[in-house]
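What follows is one structure encoded as structure tokens, with my remarks underneath.
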Amino acid sequence: MQTARIGATPKGGICRLALTELDREVRDWFCAQCVAVGCTVTIDDMGNIFARRPGRNPALAPIAIGSHLDTQPTGGKYDGVIGVLAGLEILRALHESGTDTEAPIEVIDWTNEEGSRFAPAMLSSGVFAGAFTREWAYGRADRTGDTFEAALDGIGYRGPERCGAHPLSAHFELHIEQGPILEDEDRIIGIVTGVQGMRWYEVTVDGQEGHAGATPMRLRQDALLATARMIQSVNAIALVHAPDAVGTVGLVESRPNSRNVVPGQVFFTVDFRHPDDAVLEAMEQEMHAAFARDAGALAFAVTQVWNNPAVMFDGACVDAVRDAAAALGLPAREIISGAGHDSAYVARVAPTTMIFVPCAGGLSHNEAESAERHHVVAGASVLLRSVLATDRR
Ligand code: HGY
Ligand code: MN
Ligand code: MN
Ligand code: MN
């Protein structure tokens, strides 16, 4: 699969961060593939790519098949990619079979879904849905200080269309589950009914740098020690609200990060998720109280950078997926997504749902991520049937 070679890592994964040269390379490839099967490609000013196959009725808003081509630094070959490639495969199949649809069909690559380089995740589908302003998104910077806007211009993908001014009549996304449920229950299709709520925070803890050898323990202001207590608290809060709550500290930067200097400052991130936003609110309050205790005499600051409420998907779209799985005799079950997806935002502006297929061991955001070929094919078949059923409605 061509896309798996662009950014391939020695351990068999992909490192193709948003708006890097590798992202540009895969975008160029994707656009060329879509043009080759008769699509017109438009790009908006957040770099979202829309590859449209005309329908009999150009007055109808397109039925979209969307996902993302950017990956985590230690990402896999399936997260996001199968959703875009399944869309491309459907464009090819319709083209080669000469099948006409009433509405246009449009395959979308949403920019910066992962949020690993430019936080938060789903930044561009968020602007599309009106959750963020373009100006705020443009100013988001990665850990080297590069802004989203500069990186977007750097790969030449700031398109002419205003992000959000692009009506869709429906949006479907095929994605691996990124968790263990489908595999555990021997199901091939996840009928995704919604996405859980998620909140991201950035925390800075300020202590005092000092000599590791000459600074007595009682006089230290060790920012990393306080951070360690805070990380324990994040974990404890998630456990209190288990099994539905999850809490993760994924990024920690200790400064000056020198083995013989008492850490003077630490920057770290918190990712809380839960299907019920009221519980997320409680977790946030508990976090503030815990951090005040954990920090002791050290100063700290907490900034909420993302608050993405839980979302339920469109009933008619979910029914189309359920009916397609049943018609194909595929073992399926309803599921709420633990992972965030562009569909969570697109659902605010168009009837939307998702189709999950299993991934081995439920593993994702890991270079060992894998999925059975026949499961991905089954998911793409459900996707095609769901799109055609929606077109006939
Ligand atoms: O964070 C997420 O859930 C998504 O994979 N970006
Ligand atoms: Mn994804
Ligand atoms: Mn992901
Ligand atoms: Mn996603």
Legend entry - Gly130 at positive phi and in contact with a helix residue (DSSP H, G or I) (Cβ under 7 Å, 6 or more places away or on another chain): no
Inset, instruction - Out of Ser125, Ser116, report the one residue that is assigned to a helix (DSSP H, G or I), within 14 Å of ligand 3 (Cβ to nearest atom) and either within 20 Å of Leu152 (Cα to Cα) or of a type in the set (Phe, Trp, Tyr) (or both). - result: Ser125
Legend entry - Single residue of Leu152, Leu94 found to be in a helix (DSSP H, G or I) and surrounded by fewer than 21 Cβ atoms within 10 Å (Cβ to Cβ): Leu94
Legend entry - Residue count, segment 155-192 (criterion: more than 16 Å from ligand 4 (Cβ to nearest atom) and either of a type outside the set (Lys, Arg) or within 17 Å of Glu113 (Cβ to Cβ) (or both)): 24
Inset, instruction - Look at Val279 and say whether it is assigned to a helix (DSSP H, G or I) and under 23 Å from Val376 (Cα atoms). - result: no
Inset, instruction - For segment 369-376, indicate whether the set of residues that are on the phi > 0 side of the Ramachandran plot and more than 16 Å from ligand 2 (Cβ to nearest atom) is non-empty. - result: no
Inset, instruction - Would you check if Val35 is modelled with pLDDT of 95 or more and within 18 Å of the chain's Cα centre (by Cα)? - result: no
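Here is a yes/no grid of residues against (1) closer than 30 Å to Ala324 by Cα; (2) surrounded by fewer than 20 Cβ atoms within 10 Å (Cβ to Cβ):
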{"residue": "Asp184", "(1), (2)": "yes, yes"}
{"residue": "Arg187", "(1), (2)": "yes, no"}
{"residue": "Arg199", "(1), (2)": "no, no"}
{"residue": "Thr204", "(1), (2)": "no, yes"}
{"residue": "Arg220", "(1), (2)": "no, yes"}
{"residue": "Val234", "(1), (2)": "no, no"}
Inset, instruction - Go through Asp28, Asp100, Asp23 for me and flag whichever is within 16 Å of ligand 3 (Cβ to nearest atom) and either modelled with pLDDT of 95 or more or not in a loop (DSSP other than H, G, I, E, B) (or both). - result: Asp23
Inset, instruction - Inspect all residues belonging to segment 223-236 and state whether any of them is at pLDDT 95 or above and farther than 30 Å from Ala339 by Cα. - result: yes
Inset, instruction - Name the residue, out of Gly80, Gly87, Gly47, Gly55, that is at positive phi, crowded, with 18+ Cβ neighbours inside 10 Å, away from ligand 3 (no atom under 16 Å from the Cβ) and touching a residue at least 12 places away in the same chain (Cβ under 8 Å). - result: Gly47
Legend entry - Hits in segment 58-73 (condition: away from ligand 2 (no atom under 13 Å from the Cβ) and touching a strand residue (DSSP E or B) at 6+ places or on another chain (Cβ under 9 Å)): Ala61, Pro62, Ile63, Ala64, Ile65
Inset, instruction - All but one of (1) within 16 Å of ligand 4 (Cβ to nearest atom); (2) closer than 30 Å to Phe50 by Cβ; (3) crowded, with 17+ Cβ neighbours inside 10 Å hold for Asn366, so report the exception by its number. - result: (2)
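The values are calculated or read from the model by the stated rules, or taken from the named source; none is laboratory data. Treat the numbers as computed from the prediction; the structure is a model and nothing was measured. With ideal geometry, Cβ positions are generated from the backbone for all residues, glycine too; neighbour counts draw on all protein chains shown.
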